[in-house]
1. For the stretch 346-390, which positions are outside any helix (DSSP H, G or I), modelled with pLDDT of 85 or more and β-branched (Val, Ile, Thr)?
2. Within the stretch 277-313, restricting attention to residues that are open to solvent by 30 Å² or more (accessible area, probe 1.4 Å), in contact with a strand residue (DSSP E or B) (Cβ under 7 Å, 6 or more places away or on another chain) and outside any strand (DSSP E or B), which residue is farthest from Gly242 (Cα to Cα)?
3. Looking at Leu31, Leu53, Leu47 in this structure, which one is touching a helix residue (DSSP H, G or I) at 6+ places or on another chain (Cβ under 7 Å), in contact (Cβ under 8 Å) with a residue 24 or more places away in the chain and under 14 Å from Val231 (Cα atoms)?
4. Of everything in the stretch 319-334, what is under 19 Å from Ala380 (Cα atoms) and open to solvent by 50 Å² or more (accessible area, probe 1.4 Å)? Give them in sequence order.
5. How many of the residues making up the stretch 237-265 are in a loop (DSSP other than H, G, I, E, B), touching a Leu at 6+ places or on another chain (Cβ under 8 Å) and surrounded by fewer than 22 Cβ atoms within 10 Å (Cβ to Cβ)?
6. Go through the stretch 222-238 and count every residue that is under 14 Å from Trp266 (Cβ atoms), over 8 Å from the mean Cα position of the chain (by Cα) and free of Cβ contacts under 8 Å to residues at least 60 places away in the same chain.
7. Where the second residue is surrounded by fewer than 16 Cβ atoms within 10 Å (Cβ to Cβ) and of a type outside the set (Lys, Arg) and the first is on the phi > 0 side of the Ramachandran plot and lies in the stretch 82-96, which pairs have Cβ atoms under 6 Å and are six or more apart or on separate chains?
Amino acid sequence: MIFRHEKVGEVALLFRVLHLADLHLGYRPDLPAPVQEEVYRERNGVLQAAVDLALDPRQGISLVLIAGDLFDNHRPEAPLVEETIRQLSRLEAAGIRVVTVPGNHDEITYNDAVYRREAGRWPGLLVTEPMPAQVATLNVNGDTCHLVAMAYTGGVTRVDGPLKAFPPAEGEGVHLAVFHGSLDWDGGERSLPLDGEALAAVGYDYIALGHIHRGGRRQLGTGLANYAGMVAGKGFADPGVGCWTIVALGDGPARVEEVPAAVTPWRVLELDVTPFSEPEELEEAIREVLAPGSLIQVRMTGDLAFSLDLPGLAARLAPLCRHLDVVDATRGLAPRLLEAVAAEPTIRGLFVRRLQDQLAAAAPEEGEVIRRALRRGLLALQGGDEVCHR
């Protein structure tokens, strides 16, 4: 167990914080049934896993910061809301302080927003200030913690370019800030753009950020700004970071620790198909990377030496994992194969010759369309069978 004021290196440790953001509880992934329901339930279980981690005495957590988008929308289903309140109440009952900042998905702006409806019984501190303000001075294990935060509120929050007006860090103790926003990137008012130079100037020890799912950290003056990232992914294009963020705060710089989370990963495999001369070789290569329970996308690149029955390939391989997405991102058929087909005294040969002529005269932006038409046309002409590749 980690005790207050224990020495970690040269830093006198005051307390440890679990920094959460972008859990997006209630999100339904774009997956076929019944996998969608399974992953949906698993994703909604990440909050319980976070609370279990914070309650583990070996972690020594004294404070939990939720930096926005706890929910995927501002009106989550009632059972999910009840379970969320129950889980956060476990922390409060154990003496672990909880701070919740609304995000842009679970925005507090709306009259029927969950944070307005449940404000009276929300565990811990629910931030409602529409502009950056010192919202609390907390006693955390006998240490003073000054907390600056805000909740974007449409029509009330004043955003004209990146926010620059932040309360300065004053007084003894640790100075924390929590924002759901975009650091030095103006993605529009609801992205809550934050000015990095202004944040560096006010002297916060740690700035807990949400909104950027891939995570990332940056030194701002003497303090550290950090995106915890989305723990459990939403899909192959938004796979999440797969870890929890724990921050040690003391008499020196903030120290960030990443703890692996038991979440199902969304894996993307880039596979160059150019070396394969037979469809069976390609299928075997994909089989080798599949595992029961996995969510995986195989993106095929390069040049194919054969025509590919993509639906058939996916159907044969799908039982080997939880969900398989096969994406054809190849440039087209290999030149040697096209030359052989073009030499045929057949309709198929004529089709290839004409499209090759069009491709030779096409502008660069038209080439991809013609190559795609060539592949699909060949597959249609042969009724979905493999092009001869002898």
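The values are calculated or read from the model by the stated rules, or taken from the named source; none is laboratory data. Just so it is clear, the structure is predicted and the values come from calculations on it, not from any experiment. Backbone-built Cβ (ideal geometry, glycine too); neighbour counts: all protein chains shown. Just so you know, the surface numbers come from the protein's heavy atoms only, side chains and all, with ligands and any DNA or RNA stripped out. Shrake-Rupley method; radii C 1.70, N 1.55, O 1.52, S 1.80 Å.
1. In the first step, residues of the stretch 346-390 are kept if they are outside any helix (DSSP H, G or I); the result is 346, 362-363, 382-390.
From the residues that got through so far, the ones that are modelled with pLDDT of 85 or more too are 346, 362-363.
Listed by number, the list holds a single entry, Thr346.
2. Among those that are open to solvent by 30 Å² or more (accessible area, probe 1.4 Å), in contact with a strand residue (DSSP E or B) (Cβ under 7 Å, 6 or more places away or on another chain) and outside any strand (DSSP E or B), it is Leu310.
3. Leu47
4. Passing the criteria: Asp328, Arg331.
5. Looking only at the stretch 237-265, we keep the residues that are in a loop (DSSP other than H, G, I, E, B), and these are 237, 239-242, 251-254, 261-265.
Still in the running and touching a Leu at 6+ places or on another chain (Cβ under 8 Å): 251, 253-254, 264-265.
In the following step, the residues that additionally are surrounded by fewer than 22 Cβ atoms within 10 Å (Cβ to Cβ) were identified as 251, 253, 264-265.
So the count comes out to 4.
6. The total comes to 1.
7. Within 6 Å, no pair qualifies.
The rows are residues; the columns are (1) on the phi > 0 side of the Ramachandran plot; (2) open to solvent by less than 10 Å² (accessible area, probe 1.4 Å).
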| residue | (1), (2) |
| --- | --- |
| Pro162 | no, no |
| Gly181 | no, yes |
| Leu194 | no, yes |
| Ala198 | no, no |
| Ala201 | no, no |
| Asp205 | no, no |
| Arg214 | no, no |
| Gly221 | yes, no |
| Ala225 | no, yes |
